[in-house]
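> Sharing a structure below in structure tokens format, with a few things to ask.
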Amino acid sequence: MNILAFFKKNSFVLGLLLIFVVAEALVMWWNPLETSRRFGKDDFTKTLYHHDWSRSGAVFYGNSSVTGAYIEEKSAAKLVEMGLSYGKLTDLQQILQRGLYTVKDELVIGIDVHTLLDKMETDYRFPWNKPWYKPYVYAYRADFLDAGKELVRNLAFQGSLAYEPRWIDKELYHGYATEEAMTKSWARYEKDYNWMTLKDMQDNLDALQWILGYSREQGIPLRVVWMPFRQDHVKPPYAEAMKQEVNARLKAADVPVLDLMDRYAPKYFHDLVHLNREEGAPLFTKEVDEWLLSLRKPSKS
């Protein structure tokens, strides 16, 4: 069978395949998970949005504990707050490896008791979480279904294509969670995370080692902050071993460390791992600023 006969015989299937490929290319070019407010956003995209889509700068990276604790607009250190809900060191490695963001001048990493857990849940909308082989619409089918339902509803009942823009701000932590809420949170930690050991952090420990090498090769000053944990509550059983392992690697790489894990009283917390915006976050931002600015001062000869 020659090539022309093959195409004639399979023209319908090949035509459908062409339509699919073109449609996929157009949707990926549009990239509505990033560009359209009809769709919800992950915290990495929210970071870009709130910084006029700039993809370079000095960064304070971490998970939601960083988002809650570091008040960028009140900071003298002038770091881009890149706290990602469920963010891990493996996510930071992906961001840097893929060139999704270029860190300049300084990289500060906030590590809390959950930042290194390989099995910690993630946000499927992070751009690096989509496998290359998975079609865009299928990968984000829940988002398309949600937006589609709203579109049909508004057309049917309002005769309009108008929509309610999805929330674009990151979650902050105001006031104080109830004791009941914190008890439930701890029960969830016990079930989902507290049984873990260093073996369950190997991917993130490898990512830490990669980040240490990357920052050294790129000449980027790296600093690490141990994020606060509520003083009056027991920590996860793995916390001390994790901290010792990480600190050993940071010491070997001569990385400055600010340990605030046991610094703050309960009144500064919203819950076990998030500082409240009223008292905790301003104090944290002030202390981190003073530390970072002291490191930037030229040493006296």
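> Which count do you get for residues in segment 85-131 that are in a strand (DSSP E or B) and surrounded by fewer than 17 Cβ atoms within 10 Å (Cβ to Cβ)?
To start, the set of residues in segment 85-131 that are in a strand (DSSP E or B) comprises 102-111.
Narrowing the set further to residues that are surrounded by fewer than 17 Cβ atoms within 10 Å (Cβ to Cβ) leaves 102, 104-105.
Of the residues in segment 85-131, 3 are in a strand (DSSP E or B) and surrounded by fewer than 17 Cβ atoms within 10 Å (Cβ to Cβ).
> On to the next question. Name every residue in segment 66-78 that is crowded, with 24+ Cβ neighbours inside 10 Å and not aromatic (Phe, Trp, Tyr), in order of residue number. Quick ask: steps written out before the conclusion?
Of segment 66-78, the ones crowded, with 24+ Cβ neighbours inside 10 Å are 66-70.
Val66, Thr67, Gly68, Ala69, listed by residue number.
> Further question: Could you identify the single residue in Leu151, Leu161 that is farther than 30 Å from Asp289 by Cβ, more than 18 Å from the chain's Cα centre (by Cα) and assigned to a loop (DSSP other than H, G, I, E, B)?
On the way: Leu151 fails: assigned to a loop (DSSP other than H, G, I, E, B).
Every option except Leu161 fails the conditions.
> Looking at this structure, is Leu208 part of a helix (DSSP H, G or I) and open to solvent by 30 Å² or more (accessible area, probe 1.4 Å)?
Numbers: part of a helix (DSSP H, G or I): yes; open to solvent by 30 Å² or more (accessible area, probe 1.4 Å): no.
Against the criterion (part of a helix (DSSP H, G or I) and open to solvent by 30 Å² or more (accessible area, probe 1.4 Å)), Leu208 does not qualify.
> Give all pairs with beta carbons closer than 6 Å in which a residue from segment 208-235 that is under 30 Å from Tyr268 (Cα atoms) meets a residue that is among the charged types (D, E, K, R) and outside any loop (DSSP other than H, G, I, E, B); count only pairs at least 6 apart in sequence or on separate chains.
Note: pairs meeting the criteria are Pro221/Glu106; Trp226/Asp259.
> Can you tell me which residue within segment 26-58, out of those that are at pLDDT 95 or above, assigned to a loop (DSSP other than H, G, I, E, B) and at positive phi, is most open to solvent (accessible area, probe 1.4 Å)?
Per the stated criteria, the residue is Asp52.
> Scan segment 191-205 for residues that are farther than 14 Å from Leu89 by Cα and either part of a loop (DSSP other than H, G, I, E, B) or among the hydrophobic types (A, V, I, L, M, F, W, C) (or both) and report the count. First the steps, then the outcome.
So in segment 191-205, the residues farther than 14 Å from Leu89 by Cα come out as 191-199.
Restricting the remaining residues to those that are either part of a loop (DSSP other than H, G, I, E, B) or among the hydrophobic types (A, V, I, L, M, F, W, C) (or both) gives 193-198.
Going through segment 191-205 one residue at a time, the tally reaches 6.
> Can you tell me which of (1) aromatic (Phe, Trp, Tyr); (2) part of a helix (DSSP H, G or I); (3) surrounded by 17 or more Cβ atoms within 10 Å (Cβ to Cβ) is the one Tyr61 doesn't meet?
(2)
> Let me ask you something else. Scan (1) open to solvent by 20 Å² or more (accessible area, probe 1.4 Å); (2) closer than 18 Å to Phe39 by Cβ for the single condition Arg188 breaks and write down its number.
Only one criterion is unmet by Arg188, namely (2).
> Could you check how many residues of segment 239-260 are free of Cβ contacts under 8 Å to residues at least 60 places away in the same chain, within 15 Å of Asn204 (Cα to Cα) and in contact with a helix residue (DSSP H, G or I) (Cβ under 7 Å, 6 or more places away or on another chain)?
So the count comes out to 3.
> Please work out if Val225 is modelled with pLDDT of 90 or more, touching a strand residue (DSSP E or B) at 6+ places or on another chain (Cβ under 8 Å) and either loosely packed, with under 12 Cβ neighbours inside 10 Å or of a type in the set (Val, Ile, Thr) (or both).
On the way: modelled with pLDDT of 90 or more: yes; touching a strand residue (DSSP E or B) at 6+ places or on another chain (Cβ under 8 Å): yes; either loosely packed, with under 12 Cβ neighbours inside 10 Å or of a type in the set (Val, Ile, Thr) (or both): yes.
It is true that Val225 is modelled with pLDDT of 90 or more, touching a strand residue (DSSP E or B) at 6+ places or on another chain (Cβ under 8 Å) and either loosely packed, with under 12 Cβ neighbours inside 10 Å or of a type in the set (Val, Ile, Thr) (or both).
The values are calculated or read from the model by the stated rules, or taken from the named source; none is laboratory data. All of these numbers come straight from a predicted model, not from anything done at the bench. Reconstructed Cβ throughout: ideal geometry from the backbone, glycine too, with neighbour counts over all protein chains shown. Accessible surface areas use protein heavy atoms only, side chains included; no ligands, DNA or RNA. Shrake-Rupley method; radii C 1.70, N 1.55, O 1.52, S 1.80 Å.
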